[in-house]
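Step one of this worksheet: look at the structure below.
The values are calculated or read from the model by the stated rules, or taken from the named source; none is laboratory data. Predicted, not measured: the structure shown is a model, and the values here were computed from it. Reconstructed Cβ throughout: ideal geometry from the backbone, glycine too, with neighbour counts over all protein chains shown.
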Amino acid sequence: MKIELIKIGKPTTQESRVLVDMYLTRTKVLNPIERIEFKDLEALKSRNKTLFSAGQWVVVLDERGKEWTSPELSQQFKKWLEDPAIKSVSFVIGGPYGLDEEIRKRANTVWSLSKGTLPSDLAWVMASEQIYRAFTILKGMPYHHA
């Protein structure tokens, strides 16, 4: 299954990019993830036609979404992987001003990493780690200590 990790806005630190790349590299052997960055929300909106196409499952990250434990997230991945109608999953992380309501409403799922508002770089790092963790749980690897 194709997975995209989409971030709006340029990372404010090189360290956040290094951490995201580390988790995406680790995940590559389990399921490759494409890192996509857009300069701003308008650049993402120009891609809306492909973001919300048939077979695409869109997960936006927002503090108003559903919180999942790591095992619950791994079960979500299992459902997406087993659903023949889902060809790819895109995780969308807003920039400093978040995402607009239209994108949030059109998303299939709204996922919350925290009830508090997180800086977009931190959400980017946390999402990449949680995706990696979810795959290690699915594969029975010892990374997650329940």
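For the stretch 39-50, does any single residue satisfy the condition of being among the small types (Gly, Ala, Ser) and buried (at least 18 other Cβ atoms within 10 Å of the Cβ)? No: the stretch 39-50 contains no residue that is among the small types (Gly, Ala, Ser) and buried (at least 18 other Cβ atoms within 10 Å of the Cβ). Scanning the stretch 88-113 for residues that are over 13 Å from the mean Cα position of the chain (by Cα) and either assigned to a helix (DSSP H, G or I) or at pLDDT 95 or above (or both) returns GLU101, GLU102, ILE103, ARG104, LYS105, ARG106. Within the option set SER74, SER53, being in contact (Cβ under 8 Å) with a residue 40 or more places away in the chain and not in a strand (DSSP E or B) holds for one residue only, SER74.
Condition first: over 13 Å from PHE91 (Cα atoms) and either outside any helix (DSSP H, G or I) or without any contact (Cβ under 8 Å) to a residue 12 or more places away in the chain (or both). Now tell me which residues in the stretch 1-21 satisfy that. Matches in the stretch 1-21: MET1, GLY9, LYS10, PRO11, THR12, THR13, GLN14, GLU15, ARG17, VAL18. Residues of the stretch 118-146 that are assigned to a helix (DSSP H, G or I), touching a residue at least 24 places away in the same chain (Cβ under 8 Å) and of a type in the set (A, V, I, L, M, F, W, C): LEU122, ALA123, TRP124, VAL125, ALA127, ILE131, ALA134, PHE135, ILE137, LEU138. For the stretch 108-141, filtered to residues that are among the charged types (D, E, K, R) and out of contact with any helix residue (DSSP H, G or I) (no Cβ under 9 Å at 6 or more places or on another chain), the residue that is farthest from LYS28 (Cα to Cα) is LYS115. Within the stretch 106-117, the presence of a residue that is more than 26 Å from ARG47 (Cα to Cα), aliphatic (A, V, I, L, M) and in contact (Cβ under 8 Å) with a residue 12 or more places away in the chain is excluded.
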